[in-house]
1. Taking the Cβ of each residue in His221, His250, His40 as the centre, tally the other Cβ atoms inside 10 Å and list the residues starting with the fewest.
2. Does segment 239-292 come out rounded, prolate or oblate, given a ≥ b ≥ c as the square roots of the eigenvalues of its C-alpha gyration tensor, rounded meaning a/c under 1.5 and, failing that, prolate meaning a/b above b/c?
3. State, as an integer percentage, the relative contact order of segment 60-190 based on alpha-carbon contacts under 8 Å between residues 6 or more apart.
4. Which value in nm describes the separation of the simple spin-label points at Val98 and Ala226, placed 7 Å from the Cα toward the beta carbon?
5. Please report the base-10 log of the normalised intensity I(q)/I(0) for segment 59-185, using a Debye sum with one equal scatterer per alpha carbon and no solvent, at each q in 0.10, 0.18, 0.19, 0.20 (1/Å).
6. Taking the C-alpha atoms of segment 79-136, how large are the radius of gyration and the largest Cα-Cα span, Dmax, in Å?
7. According to the Cα gyration tensor, what semi-axes, each the square root of 5 times an eigenvalue, does the equivalent ellipsoid of the chain have, listed from largest to smallest in whole Å?
8. At Lys127 and Leu158, where each label point lies 7 Å from the Cα along Cα→Cβ, what is the point-to-point distance in nanometres?
Amino acid sequence: MKRRGQPITGWVILDKPLGLSSAAAVGIVRRLFDAAKAGHGGTLDPLATGVLPIALGEATKTMSMVLEGDKAYRFTLTFGESRNTDDGEGVVTATSLVRPDSAAIQAVIPRFTGAVEQVPPAYSAIKVGGERAYALARAGEAVQLDARTVQIDRLELLSCEGDKAEFAVDCGKGTYIRSLARDLALALGSVGYMSALRRTKAGRFTEKAAFSLDSLEALRHSARLAEALLPLSAVLDDIPALAMSDDDAHRLRCGQRIRVSGSTQGIVFVTADGKPVALARIEAGVAESIRVFNL
């Protein structure tokens, strides 16, 4: 009989190393903790490093809180070549001798802050006619993706030397940094691709809270792995909390609607005796469960 693992619940913030897929990273962390269930709060490509929030157990029910949250990145734009993948893995599709200087880059940055129209990379997971765009592109088919509006709150030039420029960006969900790098280069009369990417923040989680795989291994060998586990509620700090009696909590878990006092409306984090019960929605003084935590 296949071993299912332990009912461990919480968040692990991984500093994902270069060359590892997000799915593979989740698998490693799940095995380290011997957890029965795991998932991640936002994919990082193998060529990217940085903050990868990994949910274990019942925390997987709160992953949308991270997926919907803002992100922050540092990335390097290499000028002079465009790639079909818009990153360093692809084949060269065009070249340019133009190498913008800092002043030129600073002049176009305002065009790429606020609400920005962006066409996702052809090599992306977006579905086109039921197929992933990257699968169609790899099969040699021409992929046409519609522009979409993304939110970029900050774009800062950190350095510029030779054919490379490094940036920091704060952005909303759905922003493709590869597209941003490509479009920046085009706006500067050149071509370019994203040659390095590091995520420094995902939702409320920053790189300061992230553990490397080596540090997690070291904690496991010294029986201190629990030190790297954040509670399920770590992603719910911004959601109003609602304490219920054990009886009302039981009824809520069973799908019953519970009348509550007060003026709170919308999504709340329900607890009983300090333990997570559910995410619920309150409308007109009545609470109804959205996600129930089986703890």
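Just so it is clear, none of the values below were taken in a lab; they were calculated from the coordinates. On a predicted model such as this, the values are computed, not experimentally measured, just so you know. Cβ coordinates were reconstructed from backbone atoms using ideal geometry, including for glycine residues, and neighbour counts include every protein chain displayed.
1. Taking fewest neighbouring Cβ atoms as first place, the list is His221, His250, His40.
2. Rounded.
3. 34 percent
4. 5.9 nm
5. Debye output, listed in q order: -0.36, -1.07, -1.16, -1.24.
6. Cα radius of gyration and Dmax of segment 79-136 are 14.9, 44 Å respectively.
7. So the three semi-axes of the chain are 40, 23, 18 Å.
8. According to this spin-label approximation, the distance is 3.6 nm.
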